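Notes follow once the structure below has been shown.
The values are calculated or read from the model by the stated rules, or taken from the named source; none is laboratory data. This is a predicted model, so every value here is computed, not measured. Cβ sites come from the backbone with ideal geometry, for glycine too, and all protein chains shown count toward neighbours. Keep in mind that these areas ignore ligands, DNA and RNA; they rest on the heavy atoms of the full protein, side chains included. Shrake-Rupley method; radii C 1.70, N 1.55, O 1.52, S 1.80 Å.
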Amino acid sequence: AMSGELTPEREELVRQLREYQSRWPDEAAAAARFAAYIAATPRCFERGLAAGHVTGSAWLVNRAGSHVLLTHHRKLGMWVQLGGHADGDGDLLRVARREAEEESGLAGIVPLGPGIFDIDVHRIPARDTEAEHLHWDIRHAFRAAESEAYRVSEESHDLAWRRIEELAA
């Protein structure tokens with residue numbers, strides 16, 4: 001049986017995706033496709049997997065819950081949430097927290113609830129030595145519990161707290 005070949009991390013992620021499916025019926029098909037990809041792909045957390053890989057993102061809100069911290073992505077030329085490659089780590093909550101802390105310099109960010117906040121599959125265009133591939137992005141929500149004074153690190157482009165209401169528009 002398929003489930004017998006699942007590593008604990010992949011099994012847990014498939015379980016979280018099923019939970020996400022029941023919470024957001026509109027996204028059930030997307031979540032099912034996502035779960036099927038993870039179940040069928042033992043190396044899904046590795047950047048070296050050419051077809052695509054699972055990534056982790058952080059939707060990081062300020063204490064008031066009115067703003068979200070975004071980074072300006074040079075290659076894509078747009079504002080996106082913090083996050084990055086799992087590099088073999090199947091605990092996407094940990095991946096998202098690590099990436100958010102590294103990119104923002106904020107300490108003491110806390111998860112808003114245990115489950116997956118959002119999922120998205122997007123195409124990364126070919127560049128340099130890299131072929132076009134997919135990012136299967138698992139997003140968790142966090143709140144800045146302590147300081148909101150981020151610092152822009154070497155690897156970050158520009159960061160900014162953006163009003164959530166404006167982004168919805």
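The set of residues from segment 51-65 being crowded, with 16+ Cβ neighbours inside 10 Å and either in a helix (DSSP H, G or I) or of a type in the set (A, V, I, L, M) (or both) comprises V54, A58, L60, V61.
Of all residues in segment 66-96, those that are open to solvent by 30 Å² or more (accessible area, probe 1.4 Å) and closer than 23 Å to R23 by Cα total 4.
All told, A100 falls short of being assigned to a strand (DSSP E or B) and open to solvent by less than 50 Å² (accessible area, probe 1.4 Å). Here the condition is being modelled with pLDDT of 90 or more, under 22 Å from R23 (Cβ atoms) and open to solvent by 40 Å² or more (accessible area, probe 1.4 Å); of D137, D120, it holds for D120 alone.
Quick one: is L106 in contact with a His (Cβ under 7 Å, 6 or more places away or on another chain), outside any strand (DSSP E or B) and aliphatic (A, V, I, L, M)? The answer is no for L106.
The single condition from (1) touching a His at 6+ places or on another chain (Cβ under 6 Å); (2) in a loop (DSSP other than H, G, I, E, B) that P42 fails is (1).
For segment 134-169, how many residues meet the condition of being under 16 Å from the mean Cα position of the chain (by Cα) and not small (G, A, S)? The total comes to 9.
Close Cβ contacts (under 8 Å, 6 or more residues apart or on different chains) running from residues in segment 91-114 that are closer than 21 Å to E9 by Cα to residues that are surrounded by 15 or more Cβ atoms within 10 Å (Cβ to Cβ) and of a type in the set (K, R) comprise A96/R139; P111/R97; L112/R143. What are the residues in segment 6-17 that are in a helix (DSSP H, G or I) and surrounded by 14 or more Cβ atoms within 10 Å (Cβ to Cβ), if any? Scanning segment 6-17 gives E9, R10, E11, E12, L13, V14, Q16, L17. Could you tell me whether G48 is touching a residue at least 12 places away in the same chain (Cβ under 8 Å) and not in a strand (DSSP E or B)? When the stated conditions are applied, G48 does not pass them.
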